[in-house]
Amino acid sequence: MQNKPFLSPADVARELGISASTVLRLIHAGDLPAIAISARIYRIPAASFELFKAGRIRQPEMAPLGGVKPRPQIGRDELLPVAPKRPLARAR
Amino acid sequence: MATKVELRQYIGTLSAILWNYGASFPVPTLDAYSDGEVGFAITAELSGAADPRPAVLELTETWAPEGRGQYRRVEYAYEFVEFPLGRRRAFHRHDPDYFAREFGVVVHEHCEERIGQPACSHYYGLPIDAYEAIRRFLSAWGQPTLLGCSELRCMDQAA
């Protein structure tokens, strides 16, 4: 398990000595971070599991105010796409 | 619409989510820009495979003042570059006037099954927030399946 980047609920259940359904309850309660691969399949990042075991899962805190900074240049390195040409309206 | 306090709470929640997935990043702040707008930029490295470098998740938003202490989100870029699997996914809102005039939409997406070799430069998409972006990025993270770029609708005439 040490080198696996993602764990299944069954992996976590084995490691903690609890049932897989309890693991799913922890996931659904938001206590154990997990990734929904599909509607019914979850994977737990190994890093998240380590934080969980160590009791280091964080609750949200208000972010600090930063100083005045340059505005991010969002999308400035992108070439804008070209729209298809619209057919000209036929003259009557 | 949001106040500065609400934006700081929003950033704090995003920060906690990323931390709890084992991401590494500097403490994010709500920054002020010289034109009166505010915003934030988070660049987080994900844990796990790190060859040639770790996967990177970036969240950038700009909010413009609307009066009465309220701000409206005007631009965003949510980026996920998964270097170990050599692919990229992104959700953008920028140059809204151009996109609205040319395509009738204000947001777009990027999708590259192989970084640097997109089948299309811009794809149609729907507006999302950073929570949804994180959810979508992480659902793809480390998975051997394709991102699904071929299922998206291309904007670019040249593609």
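The values are calculated or read from the model by the stated rules, or taken from the named source; none is laboratory data. Since the structure is predicted, the reported quantities are computational estimates derived from the model, not experimental observations. Positions of Cβ are generated from backbone atoms using ideal geometry, with glycine treated the same way; all protein chains shown enter the neighbour counts.
The set of residues in the stretch B:40-68 that are modelled with pLDDT of 95 or more and on the phi > 0 side of the Ramachandran plot is empty. Residues that are surrounded by 17 or more Cβ atoms within 10 Å (Cβ to Cβ) and of a type in the set (Phe, Trp, Tyr) were ranked within the stretch B:122-148; the one that is nearest to the other protein chains (Cβ to nearest Cβ) is B:Trp141.
Go through the residues of the stretch B:2-22 one by one and say whether even a single one is in a strand (DSSP E or B) and of a type outside the set (A, V, I, L, M). Looking for residues that are in a strand (DSSP E or B) and of a type outside the set (A, V, I, L, M), one finds none in the stretch B:2-22, hence no.
Scanning the stretch B:88-102 for residues that are closer than 14 Å to B:Arg136 by Cα and among the charged types (D, E, K, R) yields a total of 2.
Pairs meeting the criteria (first residue in the stretch B:96-115 and modelled with pLDDT of 95 or more, second residue loosely packed, with under 14 Cβ neighbours inside 10 Å and part of a loop (DSSP other than H, G, I, E, B), beta carbons under 8 Å, at least 6 apart or on different chains) are B:Val106/B:Pro127; B:Val107/B:Leu126; B:Val107/B:Pro127; B:Cys111/B:Gly148; B:Glu113/B:Leu146. Restrict the check to the stretch B:133-154 and report whether at least one residue is without any contact (Cβ under 8 Å) to a residue 24 or more places away in the chain, in a strand (DSSP E or B) and either closer than 17 Å to A:Leu79 by Cβ or not charged (D, E, K, R) (or both). Within the stretch B:133-154, not a single residue is without any contact (Cβ under 8 Å) to a residue 24 or more places away in the chain, in a strand (DSSP E or B) and either closer than 17 Å to A:Leu79 by Cβ or not charged (D, E, K, R) (or both).
Please enumerate the residues belonging to the stretch B:52-69 that are in contact with an Asp or Glu (Cβ under 9 Å, 6 or more places away or on another chain) and not charged (D, E, K, R).
If the condition is that a residue be in contact with an Asp or Glu (Cβ under 9 Å, 6 or more places away or on another chain) and not charged (D, E, K, R), then B:Pro54, B:Ala55, B:Val56, B:Leu57, B:Leu59, B:Thr60, B:Thr62, B:Trp63, B:Ala64, B:Pro65 are the ones that fit.
Selection of the stretch B:3-61 for residues being surrounded by 21 or more Cβ atoms within 10 Å (Cβ to Cβ) and among the basic types (Lys, Arg) yields only B:Arg8. From the list B:Phe103, B:Phe91, the one residue that fits, being out of contact with any His (no Cβ under 7 Å at 6 or more places or on another chain) and more than 11 Å from every other protein chain (Cβ to nearest Cβ), is B:Phe91.
Scanning the stretch B:108-120 for residues that are within 11 Å of chain A (Cβ to nearest Cβ) and either surrounded by fewer than 18 Cβ atoms within 10 Å (Cβ to Cβ) or in contact with a helix residue (DSSP H, G or I) (Cβ under 7 Å, 6 or more places away or on another chain) (or both) yields a total of 1. Just one of (1) of a type in the set (A, V, I, L, M, F, W, C); (2) within 21 Å of A:Gly66 (Cα to Cα); (3) at the interface with chain A (Cβ under 7 Å from one of its Cβ atoms); (4) not in a helix (DSSP H, G or I) fails for B:Ala64. It is (3). Using the structure shown, decide if B:Pro84 is out of contact with any Leu (no Cβ under 6 Å at 6 or more places or on another chain) and more than 10 Å from chain A (Cβ to nearest Cβ). In short, no. Where helices (runs of 4 or more DSSP H) fall wholly inside chain A, the ranges with 3 or more residues that are under 16 Å from the mean Cα position of the chain (by Cα) and within 29 Å of B:Ala77 (Cβ to Cβ) are A:46-53. Note on the stretch B:30-50: residues that are over 17 Å from the mean Cα position of the chain (by Cα) and part of a loop (DSSP other than H, G, I, E, B) amount to 8. Residue count for the stretch B:107-143 under the criterion of being among the small types (Gly, Ala, Ser) and within 28 Å of B:Thr13 (Cα to Cα): the result is 6.
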